[in-house]
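Throughout, read-outs are computed from the coordinates displayed, never taken from laboratory work. Remember, predicted model here, so these are calculated numbers, not experimental data. Glycine gets a Cβ as well: all are built from the backbone with ideal geometry, and neighbour counts include every protein chain shown.
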Amino acid sequence: MADITLIEAVNLALHYEMQHDPNVVILGEDIGENGGVFRATLGLKQTFGCKRVIDTPLAESLIAGVTVGMASQGLRPIAEFQFQGFIFPAMEHLVCHAARLRNRTRGRLTCPAVFRAPFGGGIHAPEHHSESIEAMFAHIPGLKVVIPSSPQRAYGLLLAAIRSNDPILFFEPKRIYRTVKSHVENNGLALPLEQCFTLRKGTDITLVTWGACVVESLQAAETLSHHGIELEVIDLASIKPIDMATITASLEKTGRLLVVHEAAKTCGVGAEIITRVAESAMCLLKAPPKRLTGFDTIMPYYRNEDYFMIQHDDIVNAARELMEGWQ
Amino acid sequence: MNIQTQPMHRYIDHRGNLIAPLPEWANDTLLQQFYRDMVLVRHYDKKAIALQRTGKLGTYPSHLGAEAIGIAIGSAMQSTDVLAPYYRDMPALWARGISMLQNLQYWGGDELGSSFPSISPDIPHNDDMPFCVPISTQCTHAVGIAAAMKIKGLHRVTVATCGDGATSKGDFLESLNCAGVWNIPLVFVINNNQWAISVPLHLQCHAEHLVDKAKGAGIKGIMVDGNDIVAMYDALLQSLDQARKGKGATLIEAVSYRLCDHTTADDASRYREDEEVKQAWQFDPIVRLKTYLINQNLWSEDEESQWLDICHQRINQAVEQYLALTVQAPESAFDYLYEKADPDLHYQRDALINKAMRMEKQNSGGNNG
Ligand SMILES: Cc1ncc(C[n+]2csc(CCOP(=O)(O)OP(=O)(O)O)c2C)c(N)n1
């Protein structure tokens, strides 16, 4: 099979799982005939019919609430939000119901649902189309947050998310929906949730990142390698829970930590990772940990967008500072 | 004009007089059963408030005045149907077979109060939703449940309930709208008790009647006297039957009045005239049915006092059981969060257990010394 894009991998996983599990249904705005605004659900309605591929009225709170209701009855609903920036009306259901149904009923009812949303900036979109708010969801007990960063991980992690019996926020980095391509084996094999993926081995710095920043991080690692600095690049992938074991094991080799994320700095996931290292693996560090994040600003309209996106150079510079200041 | 005297679906007026021939289903035994159930849940309610006042229950929302609505809902639904209730629906749950003990447990601050046992031999797993505290959210869940039934081809109907205040919220309107578009087996029941805490109906809604909202959604609407259990049960039977036959959703506006404070944390006298409440008592659903039954020689004061004895016995037994329950272990908060806890949660769980043990030791030390 030819190489496919990340969005095609999402589509492939949806096709696979709907084919194999009659309880899987998908719902959202424009997902039927139109195949979703990014075409993630292309062809599904034609294959599985309008009872399993459901165009909803334009109402995000409804979409989330209906998903909770369906999941409570043993379906495995997958809800699509057109953009992460439109998930706010649904927050009440995600936080108050999806996250709590199992606990509230002491396991009598559960919420095996996936809430998908494209996220992140860099596609010259209008306001409210560039949000990166994974930390908000990671903060909520009862939710899990997963972010794929390659076609293969989009395929395997989405399958795992659908099969999971817990509610999962599945955020897709839309900037790389079509720019990264790779081979994906359509074999129905899920990847483990709750686990990091080490994408590049290195000895000098542990770089932890996720989503679209993985692309620039790997590029920066190549550049730095020419200058004798070897980065170990880790794709966090599971934002909640965080796999600290992989990160700590890497720090045992490198002793230096750099976290890179597109989301705003304050109370971001980078703060969480660095705190955990400070709490339990401080002695492994040869230098203060560093984070390279988005700014604590509202994402500007696209004329200024590039200044706010993390560039390859930003990562190179941050890594150099981390090496130089504390040799 | 008092909304409770307006024309609407009604068989027995507030003086206990029959104003229309009773529907076919209305046999003497069933009416007596309705009456007994209403009396029982009213006395339960009184007891629950007393428990709260003496520190044995958390904040509790009384259902005083809403007995006919709940008992009708719980009795009309088949055990295989699914209920998405709101917090004032103890009577509906009771009539569906959920015990008083379970309700005490819930308001007593124990999640096990929502772990309902099966109520149907056909369905080993109880699919009813727990109470939703965020107003109106249960309506969207009910849409999902009803849609699930349609997808699975099951002839099970979902009933969602809410208050009049809840109809202002997007979730309610989004749900109604979607139920129409999807033509799903769903019945909405609004308990229009005319107050949402301190906000009266006219500050909540400018439509003439809440049931008018059904029109906007293209579904059937019935305005029912919520204090006439015969009318309530009848409207529910019709709507459930229509839903079961694939003919779509119905909105029932059950017109009633909240005869009580909003909850035990509320003092309604701060915002409500005594005169209004006094008038509302004339429409009491229980007195109405009792008058009718006595006039028909279907009930007597002797039977009443015998039944009251039984009620008190049953209520006291539930309270005794409730007070004797052991509290869930503190770490249970971790045990139902995810299917499987991650390593950090295990660590936090252990930390909590240590803390709880330390506190218990201190407490027992304090008592001894
Ligand atoms: C989303 C939300 N906002 C506010 C509240 C606080 N609150 C609890 S009950 C209530 C009034 C509800 O009134 P109504 O829907 O008429 O039902 P009633 O209590 O009268 O039966 C409010 C505002 C809440 N629980 N949820």
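For chymotrypsin sites (Phe, Trp or Tyr not before Pro), the sites in region B:1-66 that DSSP calls loop and that have at most 16 other Cβ atoms within 10 Å are B:W25.
Expressed as a rounded percentage, what relative contact order does region A:201-327 have, with Cα pairs under 8 Å and six or more residues apart?
Numbers: 199 pairs, mean separation 37.2, N = 127.
Result for region A:201-327 is 29 percent.
Which net charge results when you count Lys and Arg as +1 and Asp and Glu as -1 among the other residues whose beta-carbon is under 14 Å from that of B:S269? Write down the numbers at each step before the final one.
Working: positive: B:R258, B:R270, B:R272, B:K278; negative: B:D261, B:D266, B:D267, B:E273, B:D274, B:E275, B:E276.
Net of charged neighbours comes to -3.
What is region A:162-315 by shape, rounded, prolate or oblate, if you read a ≥ b ≥ c off the alpha carbon gyration tensor as root eigenvalues and call it rounded for a/c under 1.5, prolate for a/b larger than b/c, and oblate otherwise? Since a/c stays below 1.5, the shape of region A:162-315 is classed as rounded. Check A:V145: other-chain or 5+ apart residues with amide H under 5 Å from its amide H, H built from backbone geometry? The list, which skips near neighbours in sequence, is A:L169, A:I239, A:K240.
Once the GluC sites (Glu not before Pro) in DSSP loops with at most 12 neighbouring Cβ atoms within 10 Å are cut out of chain A, the longest remaining piece is A:186-327. What are the GluC sites (Glu not before Pro) within region B:250-342 that DSSP puts in a loop, where the Cβ has at most 12 other Cβ atoms within 10 Å? Answer by residue number: B:E273, B:E339. Note on A:Q19 and A:D306: their simple-model spin labels are 4.2 nm apart, each label 7 Å out from Cα toward Cβ. Close amide H contacts of A:I54 (hydrogens built in the peptide plane, cut-off under 5 Å, sequence separation of 5 or more or a different chain): A:I26, A:L27, A:G28.
Between beta-carbons, use under 12 Å as the cut-off and find the net charge around A:G121, counting Lys and Arg +1, Asp and Glu -1. Spell out each step's value before the answer.
On the way: positive: A:K174, A:R175; negative: A:E127, A:E131, A:E262, A:E305, A:D306.
It works out to a net charge of -3.
Quick one: order B:C205, A:C96, B:C139 by neighbouring beta-carbon count within 10 Å, fewest to most. Walk me through the numbers before you get to the answer.
Working: B:C205 17, A:C96 20, B:C139 31.
The most exposed by this proxy come first: B:C205, A:C96, B:C139.
Among the trypsin sites (Lys or Arg not before Pro) in region A:176-226, those placed in a DSSP loop whose Cβ has at most 15 other Cβ atoms within 10 Å are A:R178, A:K201. Listed values for region B:204-215 are Karplus-derived 3J(HN,Hα) couplings in whole Hz (6.51 cos²θ - 1.76 cosθ + 1.60, θ = phi - 60°), namely 9, 8, 9, 5, 5, 9, 4, 5, 4, 5, 4, 4, and x replaces Gly and Pro.
Checking the cross-link pairs A:K144/A:K286; B:K169/B:K213; A:K265/A:K290 against a 23 Å limit on the alpha carbon distance flags A:K144/A:K286 as lying beyond it.
The label point for B:R15 and the one for A:H183, both projected 7 Å from the Cα toward the Cβ, are 8.9 nm apart. In terms of the Cα gyration tensor, with a ≥ b ≥ c the square roots of its eigenvalues, is region B:48-115 rounded because a/c is under 1.5, prolate because a/b exceeds b/c, or oblate? Oblate, since a/c reaches 1.5 and b/c is not below a/b.
Given the options A:L109, A:I63, A:N34, identify the residue whose Cα lies farthest towards the positive end of the charge dipole of chain A (+1 on Cβ of Lys, Arg; -1 on Cβ of Asp, Glu). Final value for the positive-end residue is A:L109.
Figure legend: label point modelled 7 angstrom from the Cα of A:C267 along Cα→Cβ; residues of region A:110-141 with amide N under 18 Å from it are A:131-141.
Taking the Cβ-Cβ separation of B:Q306 and B:S120 as r and a Förster radius of 30 Å, what is the calculated FRET efficiency to the nearest 0.05?
Values: r = 31 Å, r/R0 = 1.02.
Working from the Cβ atoms, E equals 0.45.
Here's how it looks for B:L83: its modeled amide H is under 5 Å from those of B:D128, B:M129, B:V159, which are all 5 or more places away or on a different chain. What FRET efficiency comes out for the pair B:N316/B:R53, r = Cβ-Cβ distance, R0 = 25 Å, nearest 0.05? Once the sixth-power term is evaluated, E becomes 0.90. With an a/c value of 1.5 or above and a/b not larger than b/c for the gyration tensor axes a ≥ b ≥ c computed over the alpha-carbon atoms, region A:139-195 is described as oblate. With a Förster radius of 56 Å applied to the C-beta separation of A:T275 and B:V181, the computed FRET efficiency comes to 0.75. For A:Y307, A:Y16, B:Y338, which order do you get if you count the other beta carbons within 10 Å of each Cβ and list the fewest first? Sorted ascending by nearby Cβ count, the order is A:Y307, A:Y16, B:Y338.
Listed by Cβ neighbour count within 10 Å, with the fewest neighbours leading, B:T5, B:T54, B:T291 appear as B:T54, B:T5, B:T291. The string of couplings for region B:161-173 from the Karplus curve (6.51, -1.76, 1.60, θ = phi - 60°) is 10, 6, x, 5, x, 4, 6, 7, 7, x, 3, 5, 5 Hz, one whole number per residue in order, with x for Gly and Pro. In a simple Cβ point-charge model (Lys, Arg +1; Asp, Glu -1; nothing else charged), the protein assembly as shown has a dipole of about 660 debye relative to its Cα centre.
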